[in-house]
Amino acid sequence: MYDTLIKNAKTIHEETIGIGITNGKISKISEKITEKAREEIDVQGLYVSAGWIDAHVHCFEKMTLYYDYPDEVGINSGVTTIVDAGSTGENNIKDFYQLAQKAKTNVYALMNISKDGIIKQNELADLSKVNIEKNMERLQELPEFIIGLKARMSKTVIGENGVKPLLLAKELQRKVNLPLMVHIGTAPVDLEELFSYLETGDIVTHCFNGKDNGILDQTGNIKPFAKKAYKNGIHFDIGHGTDSFNFEVARRAKKENIIADSISTDIYLRNRKNGPVYSLAITMEKLLAIGYSLDEVLFRVTEAPADALKIKNKGQLKEDFDADLTFFELIKSEKYLMDSNGNKEQSHQKIIPRMAFIKGEKFDI
């Protein structure tokens, strides 16, 4: 007997399925399930996918620069798993962990290599704040929570240190064998030089920003070194943010067969309430608007980030995986969406999350 049986769910390929859930796991997926359950839920044709994963958020509420609340950017928006991308470092990540455990949403963290995280904009301008040994201690203490590392490599963050912070991040990464997410932005460091230090599986966030130091050259073409990096397995993550997603860059990249590997928001309180981000669903709509298929979009908020960040048992609508599910509507809707630079794009589809499950527990949205 299942704990829960979900009836009349619909895949994006328009197949009607049932989903049996037992002990927080998906125990059966089938067009027809005859076994009994303690609870039956008829979702009446809502689309279903594996629970959405936002691989770049800022949700440590005690911060003042970039902060939000886990369930506001998580389950309340149909997102079952969020990854805080470097808000905290070894000096304050234990405090963040204690708060994160109280959330309904699954919360993980990428630890900032600078000890206090993003208390100020320039956390990597003073490299005395980067202590490899203390970082390793914290990683050993919280191995289920800290799933990777974060280094922000743009002018306002690194000061006069050039590529040194990235070299320290790579040194730490080699010691602990965890994913590394690198924020790219204004030079220095020049993006071509920065990419030369990255390896297959390293994650570049803000991949489609509209800055001069981005992947698009002045003639409107993707820079050759960026194509090479993508081809060599550098993971391109959207990381929309207040200032880091440009429709034209994303569209041009797609024309040159560069499809973002993961779709994330870089969401925090201000850009959630005031835009241009608002939510993961709206960020997904923006990729649909420039020609991504729904298949491509859903893969990039489920399986792709789970794989890149080595999040076990999540990201796939598959038996024996965690019963993390997002149910949503896809409706025709004519509206304009805005990128980080004020450019507008006509959208024809709206994604509306209606219900989600986290380890088998139901949440209405």
Given 273-283, 300-310, 61-71, 236-246, the highest-first ranking by average Cβ count within 10 Å works out to 236-246, 300-310, 273-283, 61-71
From the Cα centre of the range 253-296 to that of the range 78-148, the distance in Å is 24
So the carbon and sulfur contribution to the accessible area of the chain, 1.4 Å probe, in percent, is 44
Mean Cβ-within-10 Å packing, highest first, puts peptides 72-82, 324-334 in the order 72-82, 324-334
Full extension between GLU296 and LYS335 adds, at 0.36 nm per residue less the Cα distance, a length in nm of 11.9 nm
Links exceeding 27 Å between C-alpha atoms in this model, out of LYS255/LYS310; LYS10/LYS104; LYS104/LYS155; LYS104/LYS310; LYS150/LYS286; LYS62/LYS286, come to LYS255/LYS310; LYS104/LYS155; LYS62/LYS286
Inter-part gap, Cα centre of the range 299-324 to Cα centre of the range 149-215, in whole angstrom, is 26
Quick tally, 1.4 Å probe accessible area for TYR336, TYR268, sorted with the most first, runs TYR336, TYR268
Summed over the other residues with a beta carbon less than 11 angstrom from that of LYS129, with K and R at +1 and D and E at -1, the charge totals -1
Lys and Arg at +1, Asp and Glu at -1: neighbours of LYS273 with Cβ under 11 Å from its Cβ sum to 0
Partner aspartates and glutamates whose C-alpha sits under 15 Å from that of LYS211, ignoring same-chain residues fewer than 8 away, are ASP190, GLU192, ASP243, GLU248, ASP339
Kirkwood Rh over alpha-carbon pairs of the chain plugged into Stokes-Einstein at 10 °C, 1.306 mPa s gives a D in µm²/s of 77
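The values are calculated or read from the model by the stated rules, or taken from the named source; none is laboratory data. Because the structure is a prediction, the values reported are computed rather than measured. Glycine gets a Cβ as well: all are built from the backbone with ideal geometry, and neighbour counts include every protein chain shown. To get the accessible areas, we keep the full protein, side chains included, count just its heavy atoms, and leave off ligands, DNA and RNA. Shrake-Rupley method; radii C 1.70, N 1.55, O 1.52, S 1.80 Å.
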